[in-house]
Amino acid sequence: MASAAQLLMREKFETCLSVIRQASLQILPLLTIKAVEGKDPQWFFQQLEQARLALGSWMAVAKRLNLNDAEISHFTLLLRHLQQLVPQYESGQEVSHNQLIAALRFVSSLELVRAKQPLLGYSTEVESNDESQQKKAASQMRALELMLKGLVNQSYPSQPQRVQKLKTQFGADCVRRWLKNGERGDILSGMRFSELALMVVDKKEYANHYASLFQHASQLSLLIDQRKTLQTFLDDVRGIRNDLVQSPLLTSVQLALLDSYYQESSAAVQRAFDEGRTKINPAAFLVADDAQLQAWLEQARKKYQAEGRDTEAVRDTIDKPDLRNNKRKQNGSETLMMLLWGVAGVAVIGAVIVGMYLLSDVTNKPAVAKSPSAKTAGIDSLPETESAREKLANIGIAWEEGNLRSAIERGDATVVRLFMQGGMNWEVSYAESALAGDYRDALNTLLQYRSQMDEARPCRRMIRTFSQAMTDGQSLTSLRKQFLKTFCSTPEAIKRQKEELDRAKLRLNAQQQRKEQSAEKDEKRAVEIQKAIYDAMR
């Protein structure tokens, strides 16, 4: 006889399959595929393959669904994984936790597709969504965060030790930001969730400190590698946390996923605590009254208002500061090599064509073609049918957010445009170095794709950065003005800047009354800076 937990899991899984069938009947007609009855995930994947063949490419499929290159790749990856875990399913069949998680992850992607394509209206409800479930989700999110902090604190027991370690790993700039944003004596409280999670799933940190906690556990087996599974789960939790902090209610799919992720991530640590192998007790973190939950949520929302969404994916490894510059140089070298190969290829093709003309005794002189630049030969000479993502791959640049940031920072407008054409989102913070260097081509490319800028609240940080730059002697360039006008022209932002200008004027008046000439000079400059920014925003 099946247990109550198995029955509940089976019911939730069958609800997911029902959602997928209904969604397939609405999605496939948009892709020129007629379907009378929705079937299992394997059938749905086969129909999508037919749509790809009929339309010519996955990018054509993505266009019908209003998805970008990365989104259609993620969508098909999740469906492929689900149909591999569940090639066929008969009602009443036993269901594993991994099968349920795979189904929930794909239903979550169906929520994204529905949000992107207004013609779709299927339901994705998989369980009850009441106040008690929302409270449970907040408790689990808080407990996961406290568990990660506890694990890191246990590995580096003293605050000076943690600060020194983080300086080595992330650099002094990040440490200063975390100390500024965090609670006194707790640098980890200033980190974003993605940064905190990275401290645990980084390959070296995991091997040195955490592998022994998880290696004998039956959980975290969705993917072959436990560490990679934990990394994937925590990255999904990061997205759910963004929504929890930003909006009052999570969807039923998010609630179910978070519940599964909490169970999978905390079970091994709980077992280690019960056996005396760690002092971290996840069960204790899960117990929180309304006041504690509200305090945690308020702190999380305060950080969100100051820094925006946590958009940095939980990566495999921590990029040390000294390695970042090396990677940029390496990426530049690899790009140059690919471009040189492209030029060589064009030269060979040209030589072959000339040889063919000579062998065929063509009397008319061929028109002399202009020699393309290295960048044009390496990128623009690629077939028109290739997607932007494929073009990047062909010149040795992976589809990664870090590579976009590197291209912006070095002012590589060609690579930036390919990332934008491929649909990658960006943040205004990525452009700070380029704005300081006045890399006009790259920055104008970003402004052309302003709809893909998804930093939630860029203005306060951007204004602080520009103010400091102007204090240090830099000018408010035309591009800086354009960025302010584009992203900070809302009435609320303009009102806030007007208040900042008024405060600067009050400080100046106070200094004039005290007749402190040195301080008065600084305050005059502050008023000029705040007024210049205010005028640019209006």
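The values are calculated or read from the model by the stated rules, or taken from the named source; none is laboratory data. Note that this is a predicted model, so its numbers are computed, not measured. Note that each Cβ is placed from the backbone with ideal geometry, even for glycine, and that neighbours are counted across all protein chains shown.
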Condition check: modelled with pLDDT of 85 or more, more than 24 Å from residue 321 (Cα to Cα), touching a Leu at 6+ places or on another chain (Cβ under 8 Å) and of a type in the set (A, V, I, L, M). Does residue 424 satisfy that?
yes
Please specify each residue of the range 96-131 satisfying the condition of being modelled with pLDDT of 90 or more and within 22 Å of residue 4 (Cα to Cα).
96, 97, 98, 99, 100, 101, 102, 103, 104, 125, 126
Among the residues of the range 87-126, the number that are loosely packed, with under 15 Cβ neighbours inside 10 Å and not in a helix (DSSP H, G or I) is 12
Mind checking which pairs have a first residue in the range 60-74 that is within 11 Å of residue 30 (Cα to Cα) and a second that is in a loop (DSSP other than H, G, I, E, B) and of a type in the set (Val, Ile, Thr), Cβ under 9 Å, 6 or more apart or different chains?
64/32
Of the residues in the range 276-307 that are more than 23 Å from the chain's Cα centre (by Cα) and among the small types (Gly, Ala, Ser), the one that is farthest from residue 149 (Cα to Cα) is 291
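For the range 423-538, please list each of the helices (runs of 4 or more DSSP H) lying entirely inside it that holds at least 2 residues being surrounded by fewer than 20 Cβ atoms within 10 Å (Cβ to Cβ) and touching a residue at least 40 places away in the same chain (Cβ under 8 Å).
Per the criteria, 459-471, 478-487, 491-514, 517-537.
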Take residue 484 and decide whether it is assigned by TED's automatic domain parsing to the domain that holds residue 406, within 22 Å of residue 413 (Cβ to Cβ) and within 32 Å of the chain's Cα centre (by Cα).
no
Please find, within the range 169-201, the residue that is modelled with the lowest pLDDT out of those that are in contact with a Gly (Cβ under 8 Å, 6 or more places away or on another chain), in a helix (DSSP H, G or I) and of a type outside the set (Ser, Thr, Tyr).
181
Would you check which residues across the range 267-296 are touching a Leu at 6+ places or on another chain (Cβ under 8 Å) and surrounded by fewer than 18 Cβ atoms within 10 Å (Cβ to Cβ) and list them?
277
Of the residues in the range 1-24, those that are surrounded by fewer than 17 Cβ atoms within 10 Å (Cβ to Cβ) and either at pLDDT below 90 or of a type in the set (A, V, I, L, M, F, W, C) (or both) come to 1, 2, 3, 4, 5, 6, 7, 8
Given the criteria within 25 Å of residue 444 (Cβ to Cβ) and of a type in the set (D, E, K, R), does residue 496 qualify?
no
Being surrounded by 19 or more Cβ atoms within 10 Å (Cβ to Cβ), in contact (Cβ under 8 Å) with a residue 24 or more places away in the chain and of a type in the set (A, V, I, L, M, F, W, C) is the requirement here; does residue 217 meet it?
no
Go through the residues of the range 125-135 one by one and say whether even a single one is more than 27 Å from the chain's Cα centre (by Cα) and of a type in the set (S, T, N, Q).
yes
Looking at the range 26-53 only, could you name the residues that are among the aliphatic types (A, V, I, L, M), in a helix (DSSP H, G or I), without any contact (Cβ under 8 Å) to a residue 60 or more places away in the chain and surrounded by fewer than 17 Cβ atoms within 10 Å (Cβ to Cβ)?
53
Considering only residues that are under 17 Å from residue 303 (Cα atoms), aliphatic (A, V, I, L, M) and over 21 Å from the mean Cα position of the chain (by Cα), which ones fall in the range 185-242?
187
Identify, please: which residue in the range 38-61 is small (Gly, Ala, Ser) and at pLDDT 90 or above and is, among those, nearest to the chain's Cα centre (by Cα)?
51
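Each row is one residue, and each column tells you yes or no for (1) part of a helix (DSSP H, G or I); (2) free of Cβ contacts under 8 Å to residues at least 24 places away in the same chain; (3) within 22 Å of residue 301 (Cβ to Cβ).
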residue	(1), (2), (3)
128	no, no, no
135	yes, no, yes
143	yes, no, yes
150	yes, no, no
157	no, yes, no
160	yes, yes, no
163	yes, no, no
167	yes, yes, no
